[in-house]
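The values are calculated or read from the model by the stated rules, or taken from the named source; none is laboratory data. It should be emphasised that the depicted structure is a prediction, and the values quoted were computed from it without experimental measurement. With ideal geometry, Cβ positions are generated from the backbone for all residues, glycine too; neighbour counts draw on all protein chains shown.
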Amino acid sequence: MSKSITIASVKGGIEDFVNLDKARGRLAVVYRPIDQLKLNPRNPRTHGRKQIRQIAESMRTFGFIVPVVVDSELNVIAGHGRVMAGRLLGWAEVPTTQLGHLSEAQIKAYTIADNRLTDNSTWDNGSSHSNSKSSRNRNSTSGSKSQALTWAISMCT
């Protein structure tokens, strides 16, 4: 059974649907004005200027792919760097998904998990997507998709 994603735009703060229907497992993506989103000053992950510029360049290149996660008061739970990059780019609105079903304790736990779980992964240096010189050289000569891959690898080094 396939899951569907609902995409809507909020104008004037009016929403006529539920953002998360737990019974169906549906996630709603809502485009919200970026200036309405509130960054958490105690976010466990910090973002320097260089990283914000890198995120902005990635968003300019690939688009805004991962929605910002917000609570019912539009406090950012996940996606602080994407919001800051969107502001740097001058974007008026960004895709969000609202989590209204989590308790305050669950939101804190999710924030930590969202920021820490990627720390547990490792790079497969034998993979064509890995951050190695041979990948950079091999991929830099075979078209625009490979150029995008080369760019992405160079942004992370």
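For Val29, state whether it is modelled with pLDDT under 95, surrounded by 14 or more Cβ atoms within 10 Å (Cβ to Cβ) and assigned by TED's automatic domain parsing to the domain that holds Asp114. Working first, answer last.
On the way: modelled with pLDDT under 95: yes; surrounded by 14 or more Cβ atoms within 10 Å (Cβ to Cβ): yes; assigned by TED's automatic domain parsing to the domain that holds Asp114: yes.
So Val29 fits the description; yes.
Restricting attention to the range 32-59, and to residues there that are surrounded by 12 or more Cβ atoms within 10 Å (Cβ to Cβ) and among the basic types (Lys, Arg), which single residue is nearest to Glu104 (Cα to Cα)? Result: Lys38.
Considering only the range 84-95, I want to know if a residue exists there that is modelled with pLDDT under 80 and in contact with a Phe, Trp or Tyr (Cβ under 8 Å, 6 or more places away or on another chain). Don't jump to the end; show me each part of the working.
Our first condition is that a residue be modelled with pLDDT under 80; within the range 84-95, this holds for none.
No, because not a single residue in the range 84-95 is modelled with pLDDT under 80 and in contact with a Phe, Trp or Tyr (Cβ under 8 Å, 6 or more places away or on another chain).
Scan the range 26-53 residue by residue and report those that are in a loop (DSSP other than H, G, I, E, B) and either farther than 14 Å from Leu99 by Cβ or touching a residue at least 60 places away in the same chain (Cβ under 8 Å) (or both).
Restricting attention to the range 26-53, the residues satisfying the condition of being in a loop (DSSP other than H, G, I, E, B) are 37, 39-48.
Passing the criteria: Leu39, Asn40, Pro41, Arg42, Asn43, Pro44, Arg45, Thr46, His47, Gly48.
For the range 114-128, a residue qualifies if it is surrounded by 12 or more Cβ atoms within 10 Å (Cβ to Cβ) and over 19 Å from Val83 (Cβ atoms), and exactly one does: Ser128. The sole residue among Val83, Val94 that is touching a helix residue (DSSP H, G or I) at 6+ places or on another chain (Cβ under 7 Å), outside any helix (DSSP H, G or I), assigned by TED's automatic domain parsing to the domain that holds Val30 and within 15 Å of Pro33 (Cβ to Cβ) is Val94.
Cβ contacts < 6 Å: first residue in contact (Cβ under 8 Å) with a residue 40 or more places away in the chain and over 12 Å from Thr97 (Cα atoms), restricted to the range 54-72; second residue among the small types (Gly, Ala, Ser) and buried (at least 16 other Cβ atoms within 10 Å of the Cβ), any location; separation 6+ or different chain. Result? Hits for this filter: zero, empty list.
Any residue at all in the range 128-135 that is outside the structural domain of Arg26 (by TED's automatic domain parsing), farther than 22 Å from Phe62 by Cβ and at pLDDT below 90? Yes: the range 128-135 contains one or more residues that are outside the structural domain of Arg26 (by TED's automatic domain parsing), farther than 22 Å from Phe62 by Cβ and at pLDDT below 90.
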